[in-house]
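This report refers to the structure that appears directly beneath it.
The values are calculated or read from the model by the stated rules, or taken from the named source; none is laboratory data. Just so we're clear, the structure is a prediction, and the values are computed from it rather than from any experiment. A quick note on method: Cβ atoms are made from the backbone with ideal geometry, for glycine too, and the neighbour counts reach across all protein chains shown.
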Amino acid sequence: MTGPAVVLAGEAGVRAGAIDAWLDDEAARAVVDEATAVVGRDVASWWRDPLNLCCDTTAAHVEVVVNGVAGYRSLTARGLRPVVVAGHGVGEYAALVAAGALPLDQVVEFVHWRAELLSLSPRPSCAGMAAVVGPGAGEVARAVVAEVGTTRALTVAAVDGPAQVLLAGDCGAIDRAREAVLAAGLDLVRLPGRNACHGPLVAPVARHLTAALADLEWSEPEVPVVPNADGRPTRDPEQLARCLRAHLTSPVQWEATSRALVEAGATSVVEVAAVPVLGPLVRQVHPHLPVHLASGPGTPLPPDPLQPAPAVPVPTRGET
């Protein structure tokens, strides 16, 4: 079976007021109303203030999950039939809800608590994330971790594509990594305000989440989901649950995910986000794969037969 894949952005896709574009759509509005009931406040108003999203991890993470699910349900109500779904970082929770593996209310509550618990990890002033950007980023990142990681906390947090790999570590380790990355001829871009997720520095948070993860009610999804932890599509709830338990402390395997989308039958990719985040990363792996940005209910659905679309070379900021 072939058709479109749907990808859902994580924290890098957060934009103030992004949900407003979906509010006139019945299917999307139902998602927002349910999230409002769970959170206990008008979430659309909460997310219109840029300060809430840049200063409050809880607001940002819940926003991007709800925005992804709302967009997905709007597009599928119009006739989009994905063959596979994936989300980057916290966007994986949106993918699991969109595909039918988990209920929206449980995930909104869980993501809300998960974001609050991130305060138990080192604060961004002490540790964070940075992107190694340029050709051969993976090889350079691994070499830097092998060198710096012997004395400081530094790990590969996400393999986004051939030209982008995220590192997580304490500030001293990232400073030392910058010197090594620049010496190798690549660039290191710090991701301000970000927790050092997908590595050992957030292990205390993961331990606190164990009981809540066990309480989630899983179902077999309607379409395969590609988990971040292993980059392999599956409809097995037990495998999805295992990967979600490892999600916060495991590197995001997005390059593997991009390959898996096409192997699963994707002939195009629809990214639900306000701005391109994941599409450019997918195009690093599949330069000729058509990518469509869905930022509102009026987004044209992928044509059939699909024609190659031009690449959109925009910088990305990684995910959480």
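Residue 132 meets each of the listed conditions (1) closer than 23 Å to residue 229 by Cβ; (2) within 19 Å of the chain's Cα centre (by Cα); (3) in contact (Cβ under 8 Å) with a residue 60 or more places away in the chain apart from (3). Only one entry of 77, 153 meets the criterion of being modelled with pLDDT under 95 and surrounded by fewer than 22 Cβ atoms within 10 Å (Cβ to Cβ), and that entry is 153. Filtering region 66-79 to residues that are within 14 Å of residue 296 (Cβ to Cβ) and either part of a loop (DSSP other than H, G, I, E, B) or free of Cβ contacts under 8 Å to residues at least 12 places away in the same chain (or both) leaves only 78. Do we find a residue being outside the structural domain of residue 258 (by TED's automatic domain parsing), of a type in the set (A, V, I, L, M, F, W, C), surrounded by 21 or more Cβ atoms within 10 Å (Cβ to Cβ) and within 30 Å of residue 83 (Cβ to Cβ) anywhere in region 104-127? Checking region 104-127: not a single residue is outside the structural domain of residue 258 (by TED's automatic domain parsing), of a type in the set (A, V, I, L, M, F, W, C), surrounded by 21 or more Cβ atoms within 10 Å (Cβ to Cβ) and within 30 Å of residue 83 (Cβ to Cβ). Of the residues 60, 16, 44, the single one that is part of a loop (DSSP other than H, G, I, E, B) and either β-branched (Val, Ile, Thr) or free of Cβ contacts under 8 Å to residues at least 60 places away in the same chain (or both) is 16.
The residue list 42, 56 contains one member that is farther than 24 Å from residue 166 by Cβ, of a type in the set (Asp, Glu) and surrounded by fewer than 24 Cβ atoms within 10 Å (Cβ to Cβ), which is 42. If only residues of region 102-123 that are in contact with a Ser or Thr (Cβ under 6 Å, 6 or more places away or on another chain) and of a type in the set (A, V, I, L, M, F, W, C) are counted, the one that is nearest to residue 28 (Cα to Cα) is 115. When 282, 275, 269 are checked against the criterion of being outside the structural domain of residue 134 (by TED's automatic domain parsing) and part of a loop (DSSP other than H, G, I, E, B), a single residue qualifies: 275.
As a summary of the residue check, residue 255 satisfies the conditions (1) touching a residue at least 40 places away in the same chain (Cβ under 8 Å); (2) more than 22 Å from residue 69 (Cα to Cα); (3) of a type in the set (Asp, Glu); (4) surrounded by fewer than 18 Cβ atoms within 10 Å (Cβ to Cβ) except for the one numbered (4).
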